[in-house]
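A.B. asks: I have a structure I would like to understand better, so I am pasting it below and will then ask my questions one at a time.
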């Protein structure tokens with residue numbers, strides 16, 4: 001298993017540069033998810049060239065490296081960058097197939113898993129109103145009527161701004177100004193009102209703060225943990241002190257400066273599906289910020305080769321885990337696309353429902369005949 005801290009400047013990752021003074025900033029920065037996808041694909045392809053490494057299944061008598069299948073997973077903002085990474089890997093694979101003289105092998109990417117992801121800002125921002133102001137969440141409206149009326153009035157403006165941000169074709173770049181404007185306006189108009197609930201953006205049953213975040217940083221910065229992971233105690237560059245940082249103000253500012261969070265990633269999901277790679281999107285039902293209504297909406301409207309089959313022949317079905325009679329959630333599945341809702345879970349579904357997520361993960365990585373949920377609890381127990 002590979003834990004990858006990206007973009008550069010978060011987690012344990014840092015940028016180094018060659019000038020002896022170490023002054024200023026590194027020669028290049030990661031400012032968008034597309035930049036990150038380029039770097040991640042390059043890193044993983046180079047990593048796969050190592051005879052002893054996580055991708056190596058075996059080395060034959062001729063010295064040829066045979067790679068093992070792999071899957072990519074991420075949560076939250078990964079809904080934005082993970083499809084772009086997978087799409088970039090597909091493109092780079094095609095390049096290396098055509099240029100074997102470069103000595104880089106195509107990566108056997110088999111699937112991506114997106115947990116409570118922000119993949120389509122258009123659908124997710126519209127879903128903020130639906131989740132907070134109607135009973136579509138399965139709960140009575142969370143916000144007062146006057147707040148909801150204001151949100152509803154501003155929704156068309158947000159949609160228009162997002163459309164302007166994503167109005168690009170081919171080599172025509174995104175407009176940073178248009179995307180920044182959309183990001184700022186939509187956040188203030190549609191997601192910020194949630195603060196009135198005094199509940200977490202990540203789970204309407206949870207207080208605002210998650211103390212578990214401090215546990216993670218404390219554990220990863222413990223000397224013994226750092227020693228086992230082989231962390232460089234004196235990294236050079238990017239004003240990094242070698243400590244694990246779950247959050248980077250600088251990286252956040254960089255991405256904000258380009259309006260990256262207002263950019264759509266469904267086009268990359270289309271590309272990945274068309275390449276035969278399986279896609280799983282799962283959502284904890286209690287999450288607001290990347291809620292299941294928004295994810296269900298973009299998946300249902302996705303244009304791809306099996307879209308009609310998904311819409312007409314993939315109804316919501318219940319799924320279960322061993323030892324429990326109550327459902328673990330619901331799912332839709334057709335072709336190589338699966339959408340899952342996890343009951344009694346918020347944004348951090350693996351934290352809230354570890355048994356359900358482990359069962360889902362195992363059945364996705366090692367699929368039985370059929371789909372993720374067409375097995376009853378007795379059959380599941382036998383897996």
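Throughout, read-outs are computed from the coordinates displayed, never taken from laboratory work. None of these values were measured; they are calculated from a predicted model. So basically every Cβ, Gly included, is an ideal-geometry build from the backbone, and we count neighbours across all protein chains shown.
A.B. asks: I need to check one value: relative contact order of the stretch 121-262, counting alpha carbon pairs closer than 8 Å and at least 6 residues apart, in percent. Present the calculation step by step, with values, prior to reporting the outcome.
C.D. replies: Numbers: 126 pairs, mean separation 35.8, N = 142.
Once normalised by length, the contact order is 25 percent.
A.B. asks: Would you kindly give the portion of the calculated P(r) for the stretch 121-262 that falls above 18 Å, as a percent of all Cα pairs? Working shown, then result.
C.D. replies: Working: 6828 of 10011 pairs.
So the pairs more than 18 Å apart make up 68 percent of the total in the stretch 121-262.
A.B. asks: By count of other Cβ within 10 Å, fewest leading, how are 220, 162, 337 ordered? Don't skip to the answer; put the middle values down first.
C.D. replies: Numbers: 220 17, 162 27, 337 22.
The fewest-first ordering by Cβ neighbours comes to 220, 337, 162.
A.B. asks: Label the chain by shape, choosing from rounded, prolate and oblate, from the square roots a ≥ b ≥ c of the eigenvalues of the Cα gyration tensor; if a/c is under 1.5 it is rounded, and otherwise prolate applies when a/b is larger than b/c, oblate when it is not. Walk me through the intermediate numbers first.
C.D. replies: Numbers: a/c = 1.43, a/b = 1.17, b/c = 1.23.
In terms of gyration-tensor shape, rounded.
A.B. asks: Here's a follow-up. Out of all DSSP beta bridges with both ends in the chain, state the antiparallel percent to the nearest 5. The partial results should precede the final answer.
C.D. replies: Numbers: 14 of 31 bridges.
Bridges in the chain that DSSP calls antiparallel: roughly 45 percent.
A.B. asks: Out of 297, 37, 218, any idea which swings most in a Gaussian network model of the chain, alpha carbons joined below 10 Å?
C.D. replies: Looking only at 297, 37, 218, the largest GNM fluctuation is found for 218.
A.B. asks: So, one more: Expressed as a whole number of Å, what is the distance separating the alpha-carbon centroids of the stretch 122-141 and the stretch 180-211?
C.D. replies: Between the Cα centres of the stretch 180-211 and the stretch 122-141 lies a distance of 13 Å.
A.B. asks: Mind checking which of 36, 230, 79 has the largest fluctuation in a GNM of the chain, springs on alpha carbons under 10 Å?
C.D. replies: In this elastic network of the chain, the residue with the biggest mean-square fluctuation among 36, 230, 79 is 230.
A.B. asks: Divide by every residue of the chain the summed helix terms, -39500 (n - 2.57) for each DSSP H run of at least 4, and state the resulting mean residue ellipticity at 222 nm, rounded to the nearest 500 deg cm²/dmol.
C.D. replies: Values: 14 runs with 154 residues, N = 383.
So the calculated ellipticity at 222 nm is -12000 deg cm²/dmol.
A.B. asks: Turning to a different aspect of this structure: Most fluctuating residue of 184, 225, 338 in a GNM of the chain with Cα springs under 10 Å: which is it?
C.D. replies: Most flexible of the set in this elastic network: 225.
A.B. asks: Pairs of alpha-carbon atoms within less than 8 angstrom and 6+ residues apart define the contacts here; what relative contact order does the chain have, in percent? Kindly include the intermediate steps, with their values, before the conclusion.
C.D. replies: Numbers: 645 pairs, mean separation 74.4, N = 383.
Computed over the chain, the figure is 19 percent.
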